[in-house]
Amino acid sequence: MDVKERTFQKQPTIFLNKKSQAVKTRERAERYTRNVGLGFKTPKDAVEGTYIDKKCPFTGNVSIRGRILTGVVIKNKMTRTIVIRRDYLHYVRKYNRFEKRHKNISAHCSPCFR
């Protein structure tokens, strides 16, 4: 497990202290995953992985809402954070032309996408 946090990591929706013998004989621990909708399939790493991420839309407590933004990933040096470049055209009325502009946006990247 590739965990950099020093505290005990667990999903808040899974109870770990069951007394029955069925849990001890099971090979794989229970894992909370969900279908986020909007045409996104739950990645295989989210279902079978061992990472704990409270900001993951598939295993955490975050809902997808608002616009779905697209762009090009230009940096992924931060822990679980990527920098996305969004290019767009801005209209200049005086010259009746468009000019290229861009914005860099920081976004959370769940370990299931790495």
Quiz prompt | Positive-end residue, the chain charge dipole about Cα centroid, Cβ charges, pick of LEU16, THR50, TYR88 | solution = TYR88
Quiz item: Expressed in nm², what is the orientationally averaged projection area of the convex hull enclosing the Cα positions of segment 41-114?
Solution: 6.5 nm²
Self-check item: Only Lys, Arg (+1) and Asp, Glu (-1) charged, at Cβ; segment 20-114 dipole about Cα centre in debye
Solution: 540 debye
Quiz prompt | Estimated inter-spin distance, GLU99 and LEU69, nm [label 7 Å along Cα→Cβ] | solution = 2.2 nm
Quiz item: Which lysines does LYS44 reach when only Cα atoms under 29 Å apart count, and residues fewer than 8 places away in its own chain are ignored?
Solution: LYS4, LYS10, LYS18, LYS24, LYS54, LYS55, LYS75, LYS77
Quiz prompt | Spin-label pair THR42/GLU5, simplified geometry with 7 Å Cα→Cβ offset, distance in nm | solution = 2.0 nm
Exercise. Please sort by residue number the chymotrypsin sites (Phe, Trp or Tyr not before Pro) in segment 9-103 whose DSSP state is loop and whose Cβ has at most 13 other Cβ atoms within 10 Å.
Key: PHE15, TYR32, PHE40, TYR95
Quiz item: Which residue, chosen from GLY71, LEU38, HIS108, occupies the Cα position most advanced towards the positive end of the dipole of the chain, where the dipole is computed from +1 (Lys, Arg) and -1 (Asp, Glu) charges on Cβ about the Cα centre?
Solution: GLY71
Self-check item: Per DSSP, loop trypsin sites (Lys or Arg not before Pro) in segment 59-112 with at most 14 further Cβ within 10 Å
Solution: ARG65, ARG67, ARG93, LYS94
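Values in this text are rule-based calculations from the coordinates and carry no lab data. All figures in this text were calculated on a predicted structure; none of them were measured in a lab. Cβ coordinates were reconstructed from backbone atoms using ideal geometry, including for glycine residues, and neighbour counts include every protein chain displayed.
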